[in-house]
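One structure is given here, and the rest of the page talks about it.
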Amino acid sequence: MNRISRRQLVKSSGGILGMSLLGLPFGGRHHESPRLKVVVTGGHPDDPETGCGGLIKLLTLAGHNVKIAYLTRGEAGINGTSHIDAASIRTEEALSACQILGGEANFLGQIDGDTFVNKDEYENMFQFLKKEAPDLILTHWPIDTHRDHRACSALTYAAWTRLEKKAELYFYEVLSGNQTQNFVPTDYVDISDVRAIKHEACFAHKSQKIEENYANDHGKMEEFRGMEGNVRYAEAFVRHVHNSEMFER
Ligand SMILES: [Zn+2]
């Protein structure tokens, strides 16, 4: 297990992310174990990896348990390929990416491009998160041009509130400016030391040809967030403050 240096946390708004990356003892609600239980939800295979693959790798290197939950299997994501075949290809790619990051893949059973935010899906996400009982949840920022990302965020947020906000909630960005909109970070994580392995995980999604454009989209985000944090490469997050903190202000 690698020890995570203080440098890898560029800026923290004071939440669990800072504590976990600094490698401090953390009991959370799993008092028998110092490990954090982390769940990352994403609309499609490749969203968690591109949005916060660096953070996921830092967390797993620090010994924390990370589950990556994909709302869909990316059924509509390969032109000229049937939903069934695309789901099969992209499931394998997601499994490879998760293995590289040290996380565990979960698939939540919705269909790419045809996601629902309704009573049944609220219940499904709630039951999933209730079962996992995470200390930390990461999901899409809710203002996003892709409806599946908005759906994932809305379902996760609703489940988090129904679970009485026991976990810490952070939002990650994907292709800011193109997909994620109006995202003003509260937390920055220095991913310089794990950037290469994050890219390996992203590029495991061969059907998405991420490698071809990475330098011009996701790569630029890592550079820009790094510039904001005065490090080479960073990922940025918005932390949902707790109600008690709001009242304290
Ligand atoms: Zn997506």
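Brief remarks on what is shown
- Odd one out for ALA97 among (1) at pLDDT 95 or above; (2) surrounded by fewer than 17 Cβ atoms within 10 Å (Cβ to Cβ); (3) within 16 Å of the ligand (Cβ to nearest atom): (2)
- Single unsatisfied condition, ILE4 versus (1) closer than 15 Å to SER192 by Cα; (2) of a type in the set (A, V, I, L, M, F, W, C); (3) away from the ligand (no atom under 16 Å from the Cβ); (4) at pLDDT 85 or above: (4)
- When each of GLY74, GLY54, GLY43 is tested for being under 14 Å from ASP193 (Cα atoms), modelled with pLDDT of 95 or more and not basic (Lys, Arg), the lone residue that passes is GLY54.
- Residue check, GLN208 buried (at least 19 other Cβ atoms within 10 Å of the Cβ) and among the polar types (S, T, N, Q): yes
- For region 161-201, filtering for residues that are surrounded by fewer than 23 Cβ atoms within 10 Å (Cβ to Cβ) and in a helix (DSSP H, G or I) leaves 9.
The values are calculated or read from the model by the stated rules, or taken from the named source; none is laboratory data. Source: prediction; values computed, not measured. All Cβ positions, even for glycine, are placed from backbone atoms using ideal geometry, and neighbour counts span all protein chains on display.
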